[in-house]
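Reviewing the structure listed below.
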Amino acid sequence: MAALGANITLDHGYVEATAERLRGAKINFDLPTVGGTENLLMAASLAEGETVLENAAREPEIVQLAEALSSMGAKIEGAGTAIIRIQGVEQLQPLACSVIPDRIEAGTFMIAAAVTGGNVLVRGAVREHQEALIGKMIEAGARIEAEADGLRVIGPQRPRPVDIRTSVFPGFPTDMQAQFMALMAKADGTSRIAETVFENRFMHVCELQRMGGAEIQIDGHSAIIRGTEQLTGAPVMATDLRASASLILAGLAAENTTEVARIYHLDRGYEKIEKKLAALGARIWREQE
């Protein structure tokens, strides 16, 4: 933002930003960043001159944002590639658009079907947005079939062990790592999950270990999981949004009762997940502590 001409100050833990009309600039991201790419796409659309974003994020959400901005009058080329060019315009016009399905929410329900050996149609799921996840789920023994209104997932009797390595899109999403670990906790063998995007993304491991049977060890930025045939329900604590989903998935596949505490993270990424899972036959409900 400063490179575009904004004045940024940090004051007692607050970020204060002021600007007149921004000016185009060349921005090279050290690492692809979804939020950074989205914010600069919007800012550059009304900046004076050309902005070039190099090493930009390529997620489907970036593409749809660029399409929406273009429909509003912005001039954007290259969305979905590593280099995006934006020619600033004087003003944007209103539009109406439908937001694409949340691929991480869809992926979580796909794993729910696989970890329970279920048969679930995830309506609205887009195959092209899920290729990395689909490939690993098929490798684990799940059947995934494209239907007219979504993806059908048929879970295996017991998953096969699979190694994954998180990466930026189109690689395996870091936001599906915890959920996939719940699936591997039931695998017939040993799998390895390497986390390359975020540090401290294995905080759910200690909680999964409470559920008995599966052995999970941390080795640097990797987790080695020796699966078990049967997980056991236990009181566990959610540490973040995706950890919450991971523990719910493990609880669906475990015998006895699992209680997931501190679920206030959950609603940031899932709408009424317990009601959707209950509609599929899960015995799941929300209680006040």
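Read-outs: derived from the displayed coordinates by stated rules, not from any lab. Model, not experiment: these values are computed from the prediction. Because the Cβ atoms are built from the backbone with ideal geometry, glycine has one as well, and the counts that use them run over all protein chains shown.
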- Item | Long-range HN-HN contacts of G189 with modeled amide H, under 5 Å | G227
- Message: Taking the alpha-carbon distance from K136 and a cut-off under 22 Å, which lysines remain once sequence neighbours fewer than 8 residues away in the same chain are dropped?
- Response: K186
- Message: Charges on Cβ only, +1 for Lys and Arg, -1 for Asp and Glu, centred on the Cα centroid of the chain; of G135, Y14, A178, which one is farthest towards the dipole's positive end?
- Response: G135
- Quick calc: nm separation of the 7 Å Cα→Cβ label points for Q288 and E131 -> 4.9 nm
- Note on the structure: Mean-square fluctuation maximum in Gaussian network of the chain, Cα pairs under 10 Å, restricted to Q93, Q217, Q209, hits Q93
- Name the residue, out of H265, H129, H12, whose mean-square fluctuation peaks in a Gaussian network model built on the chain with Cα pairs under 10 Å. H12
- Task: Set the Förster distance to 30 Å, then compute FRET efficiency between N7 and Q93 from the Cβ-Cβ distance, nearest 0.05.
- Result: 0.60
- Note on the structure: A convex hull over the alpha carbons of the chain yields, per residue, a volume in Å³ of 152 Å³
- State to the nearest 20 debye the size of the charge dipole of segment 1-156 about its Cα centre, where the only charges are +1 on K and R beta carbons and -1 on D and E beta carbons. 300 debye
- Query: List the lysines whose alpha-carbon lies under 27 Å from that of K26, not counting same-chain residues fewer than 8 positions away?
  - Reply: K75
- Item | Helix-derived mean residue ellipticity, 222 nm - over the chain, DSSP H n ≥ 4, -39500 (n - 2.57), to 500 | -8000 deg cm²/dmol
- Item | Distance in nm between pseudo-label sites at V52 and Q217 (7 Å out along the Cβ direction from Cα) | 4.9 nm
- Item | Among V89, V236, V168: highest mean-square fluctuation, GNM of the chain, C-alpha pairs under 10 Å | V89
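Let's test the formula: R0 of 51 Å, r as the Cβ-Cβ distance of T18 and D163. What FRET efficiency results, to the nearest 0.05?
Calculated value: 0.55.
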- Task: Let me have the relative contact order for the chain, percent, based on Cα pairs under 8 Å that are six or more residues apart.
- Result: 11 percent
- Message: Between R226 and H265, how high is the FRET efficiency from 1/(1 + (r/R0)^6) when r is the Cβ-Cβ distance and R₀ = 35 Å? Nearest 0.05.
- Response: 0.80
- Message: Given Cβ point charges of +1 (Lys, Arg) and -1 (Asp, Glu) and nothing else, what value in debye, to the nearest 20, does the dipole of segment 7-87 about its Cα centre take?
- Response: 240 debye
- By DSSP, what percent of the beta bridges with both residues in the chain are antiparallel, rounded to the nearest 5? 75 percent
- Task: For A261, list long-range residues whose amide hydrogen, built 1.01 Å from N in the peptide plane, is under 5 Å from its own amide hydrogen.
- Result: V236, M237, A238
